[in-house]
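As structure tokens, the structure follows; a few thoughts come after it.
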């Protein structure tokens, strides 16, 4: 009898353990949180670089010099890029917001400033150009658990009020223009009504205490559970959608970090996120409150095969645009995945296949077009200086959102280059019968690879290596235009 009861007790305890194991939610690490863990270690010298600066040296926002941009352009500047000389590479004239990452809040509601703070050079350069400087507050990377920090702040009135006051004091002390809340690594139970009420109270408090200052929140690309997205958007001035990490570093298969589209109904994409999925209702009702941030980073995996979406062996590292845009050329160029409208490249190192999935100029351009087509409030980028000193992404912002974005010769604007990307011939559709006096094709290094002196309707791209090319044309009136062509097998 005792033996039978003993066995039943063992079975009962085992069942309870299994139930507990499967009922516990696995909290996913957020995209900014993961990047901080990977890139966020800086030297002592770097963290102390601006320690002697005082708040009195900081200038306020020159609102009369606000950049002439058609939409918000919200750039995150992480402290590890700031300490690496990002200031020299930032086009402040092509930003509306500079988000200083990160201000760490902990269980006691105290807020630690970023390494090297205050960033006097960046704040003053931004303010002189009319760019708003925002503090990005995070709940991850400290001694306390990310989920525990959020729950304490949103349920403990004393801690909540102390946090609000600490945010206000930092904004006033450093002449900042608002706060961006980046809470990641939360359980699904903590993402709903309580969080939205907390954010709504913060927005009301900041608007009352500091009129004209802004409150925003970094929202998920996909609602995997618990989020009240409509309530979230209503609770703040605007939401910055982190439109990336669709395929995370620890995924079982390689794939796009920020797929624009997919023809199936079950694969996630940014287009689905914006138009029919997570943000469909705000996109329809209050699109001006949505900022779609795009990644200037990618992921590198070792994979079992060379095929798209191969099973991964291991994750190597996150990548930055400034490296991959040139590295791709050394491995045969970008391959364009038409299902996702997303580029990737691969190579074999003698032991394993390697795959890097990352955005390039063309895929980012298509994402900006999606934001424009849906009348969103703007775009953002994670992260500033991931493109280093390269000019093309800044020029893309200028083309899409700058003062001259809609200005151009009417005839040249009727010229269409298609299909693009192409693996063979690219067709030139010239509906207005423009007379060309110059047509020349250049590779990404600026070298001329083809000159055309006679009228033509297509270009054979077959002989050229995979990569990005620029077709420059000029008509008989001297008007010029440049078309980008991506060659991809």
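Bear in mind these aren't lab numbers, they're just calculated from the coordinates by the rules spelled out. No experiment lies behind these values; they were computed from the predicted model shown. In this analysis, Cβ positions are derived from the backbone assuming ideal geometry, glycine residues included, and neighbour counts consider all displayed protein chains.
Helix 392-401 versus the longest principal axis of the chain: what is the Cα-based angle in degrees, 0 to 90, to the nearest 10?
Tilt of helix 392-401: around 90 degrees.
If each DSSP helix of 4+ residues adds -39,500 (n - 2.57) and the sum is divided by the residues in the chain, what number results at 222 nm, nearest 500 deg cm²/dmol?
Details: 14 runs with 144 residues, N = 489.
Mean residue ellipticity at 222 nm (helix-derived): -8500 deg cm²/dmol.
Helix 193-209 against the longest principal axis of the chain: what's the angle in degrees, Cα atoms only, rounded to the nearest 10?
The angle comes out near 80 degrees.
Multiply the residue separation of residue 489 and residue 327 by 0.36 nm, subtract the distance between their alpha-carbon atoms, and state the gained length in nm to one decimal.
Using 0.36 nm per residue and subtracting the Cα-Cα distance, I get 56.6 nm.
Using the Kirkwood radius over Cα pairs, work out the Stokes-Einstein diffusion coefficient for the chain at 25 °C and 0.890 mPa s, in µm²/s as a whole number.
On the way: Rh = 24.5 Å.
Taking Rh from Cα pairs, D becomes 100 µm²/s.
Ordered by packing density, taken as the mean number of other Cβ atoms within 10 Å over each peptide's residues, highest first, how do 195-201, 310-316, 71-77 rank? Let's see the in-between values first.
Numbers: 195-201: 19.1, 310-316: 15.3, 71-77: 24.9.
Highest-to-lowest ranking by the protection proxy: 71-77, 195-201, 310-316.
What's the ranking of 290-299, 250-259 by average number of surrounding C-beta atoms within 10 Å, highest first? Before the final figure, lay out the partial values.
Numbers: 290-299: 26.1, 250-259: 21.0.
Going from most to least packed, we get 290-299, 250-259.
What is the gain in length, in nm to one decimal, between residue 316 and residue 286 on full extension, counting 0.36 nm per residue of separation less the C-alpha to C-alpha distance? Don't skip to the end; give the middle numbers.
Details: separation 30, 0.36 × 30 = 10.80 nm, distance 3.98 nm.
Gain on stretching residue 316 to residue 286: 6.8 nm.
Working from Cα positions, state the angle (0 to 90°, nearest 10) between the long axis of helix 157-173 and the longest principal axis of the chain.
Relative to the chain, helix 157-173 is tipped by roughly 40 degrees.
Sort out for me the Cα centre separation of region 79-127 from region 273-340, rounded to whole Å.
Between the Cα centres of region 79-127 and region 273-340 lies a distance of 25 Å.
Over the chain, calculate the relative contact order: mean separation of alpha carbon pairs under 8 Å at least 6 apart, over the residue count, as a percent.
On the way: 966 pairs, mean separation 59.3, N = 489.
The value is 12 percent.
What is region 89-150's relative contact order, in percent, from Cα pairs under 8 angstrom and six or more apart in sequence? Could the numbers behind the result be given before it?
On the way: 80 pairs, mean separation 27.5, N = 62.
For region 89-150, the relative contact order is 44 percent.
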